[in-house]
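Chemist: Before anything else, here's the structure in question.
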Amino acid sequence: MSDRITLSLRAPLDRALNGDVITAERFAVLGASEISALSLWDGRTKIALGDVFSVSGERAQTVVLEGDLTKLNGVGTMMTAGALEIHGSVGKATGARMQGGTITVQGSAGDDGGSAMSGGSLVITGDAGDRAGGALQGASKGMTGGHIIVKGTAGREAGARMRRGTLCCAGAGPGAGLGMIAGNIIVAGPIGEGVGAGNKRGSIVALGGVRVPPTYAYACTYHPPHLSLMLGFLRERFALAVDDAHLHGLYRRYSGDLAEIGEGELVEWQSA
C-alpha cells in the first residue's frame with residue numbers, strides 16, 4: 001500500500017482514448033500490476049493501461065495523472081469515492097456521471113465535464129468546454145447533485161438541464177442554464193447571451209453583471225441570506241473568488257423564464 005498512485009504518460013497521445021476505467025475507488029483495491037493490466041479503449045480496440053502510462057504505487061485512495069491528457073476522455077466516469085488529481089489539461093467528459101469523491105484538474109477540461117454527475121466535486125483550475133454539468137446526449141436532465149467549480153470560463157450551455165447541485169465559474173458562454181430544471185449556477189464574470197432560457201426552477205447568480213433576457217421580470221432588490229451562506233461555504237471550501245461585498249451586498253432578483261412556469265430566478269449583484 002502507498003499514499004498515492006501515479007500514472008505518468010509514457011508518450012504524447014496522437015489520438016483520442018477512452019479512459020473511463022480510471023477512477024480512484026477502483027484503483028484503491030488494486031496492485032500496480034493489476035492497474036497496468038486494465039484496459040483503455042482506442043475506438044473498438046483495447047489497449048493495456050500500462051502500455052500508455054507508467055504506474056507507480058498501489059492500493060491508495062489518491063490517484064495522480066501526469067502528462068498532456070487532452071486526448072484522454074472520460075476520466076473519472078461514475079467515480080464514487082477517493083481523489084483524482086490531474087496535473088495538466090484533460091479531454092472530454094471528465095467526471096461524467098460522477099457520484100462521489102473529488103476530481104481536481106490543474107489545467108483545462110474538454111466538453112461535457114461533470115455531465116449528469118450526481119455527487120462529489122469536480123474542480124477545474126482552467127477553462128471548461130461546452131455543456132459543463134449538462135445532460136448526456138439525448139438525456140432529459142443534466143447534473144443532479146455535487147459541485148462543479150471552474151476557476152476559468154465555462155463554454156456554451158453550462159448547466160444545461162441541470163436538476164440539482166451547484167456549478168460555479170468565472171465566466172460562461174452563451175446559453176448558461178439552458179432548460180434548467182433546478183439547482184444553482186454562480187457566475188463571477190461575464191455571461192453570454194441566452195442565459196436561463198427555458199429555466200423552470202433554477203437559480204442563476206450573476207456576480208459580474210448580466211444582460212437580463214426579456215422573458216424575465218424584475219421582482220425586487222434585496223439581501224438574500226441563503227446566498228450569503230452558500231457563497232461563504234464555497235469560498236471556504238473551494239477558494240471561490242467572492243469577497244465580503246458579495247456576501248453582504250444587495251441583489252436584483254428577476255423571475256423567469258416566464259415563457260415556462262416562471263418559478264426560476266436570475267439574481268444580479270449590485271456593485272457599490
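The values are calculated or read from the model by the stated rules, or taken from the named source; none is laboratory data. What you see is a predicted model, and the numbers here were worked out from it, not measured in a lab. All Cβ positions, even for glycine, are placed from backbone atoms using ideal geometry, and neighbour counts span all protein chains on display.
Chemist: Looking at region 228-251, can you tell me whether even one residue there is more than 20 Å from Thr125 (Cα to Cα) and in a strand (DSSP E or B)?
Modeler: Yes: region 228-251 contains one or more residues that are more than 20 Å from Thr125 (Cα to Cα) and in a strand (DSSP E or B).
Chemist: Across region 25-61, what is the total count of residues that are closer than 14 Å to Asp3 by Cα and either assigned by TED's automatic domain parsing to the domain that holds Asp127 or not in a strand (DSSP E or B) (or both)?
Modeler: Looking only at that region, the number is 12.
Chemist: Anything in region 252-269 that is crowded, with 20+ Cβ neighbours inside 10 Å and in a loop (DSSP other than H, G, I, E, B)? List them, or say none.
Modeler: Across region 252-269, the qualifying residue is only Asp257.
Chemist: Right, something else. Condition first: assigned to a loop (DSSP other than H, G, I, E, B), closer than 22 Å to Thr144 by Cβ and either in contact (Cβ under 8 Å) with a residue 60 or more places away in the chain or not aliphatic (A, V, I, L, M) (or both). Now tell me which residues in region 62-92 satisfy that. Full working, then the answer.
Modeler: Start the filter on region 62-92 by keeping residues that are assigned to a loop (DSSP other than H, G, I, E, B), which leaves 67-68, 70-71, 74-82, 88-89, 91-92.
Now restrict to residues that are closer than 22 Å to Thr144 by Cβ: 74-82, 92.
Gly74, Gly76, Thr77, Thr80, Gly82, Lys92 - these are the residues of region 62-92 that are assigned to a loop (DSSP other than H, G, I, E, B), closer than 22 Å to Thr144 by Cβ and either in contact (Cβ under 8 Å) with a residue 60 or more places away in the chain or not aliphatic (A, V, I, L, M) (or both).
Chemist: Of the numbered conditions (1) in contact (Cβ under 8 Å) with a residue 60 or more places away in the chain; (2) among the small types (Gly, Ala, Ser); (3) surrounded by fewer than 24 Cβ atoms within 10 Å (Cβ to Cβ), Gly196 fails exactly one; give the number of that condition.
Modeler: (3)
Chemist: Continuing with this model, one more query. Give the residues of region 121-139 that are in a loop (DSSP other than H, G, I, E, B), of a type outside the set (A, V, I, L, M) and either in contact with a helix residue (DSSP H, G or I) (Cβ under 8 Å, 6 or more places away or on another chain) or in contact (Cβ under 8 Å) with a residue 24 or more places away in the chain (or both), sorted by residue number.
Modeler: Start the filter on region 121-139 by keeping residues that are in a loop (DSSP other than H, G, I, E, B), which leaves 125-127, 129-139.
Pick out the ones that are also of a type outside the set (A, V, I, L, M) and you get 125-127, 129-131, 133-134, 137-138.
Selection gives Thr125, Gly126, Asp127, Gly129, Asp130, Arg131, Gly133, Gly134.
Chemist: For Gln137, work out the one condition from (1) of a type outside the set (A, V, I, L, M); (2) surrounded by fewer than 23 Cβ atoms within 10 Å (Cβ to Cβ); (3) within 23 Å of Val21 (Cβ to Cβ); (4) modelled with pLDDT of 95 or more it doesn't fulfil.
Modeler: (4)
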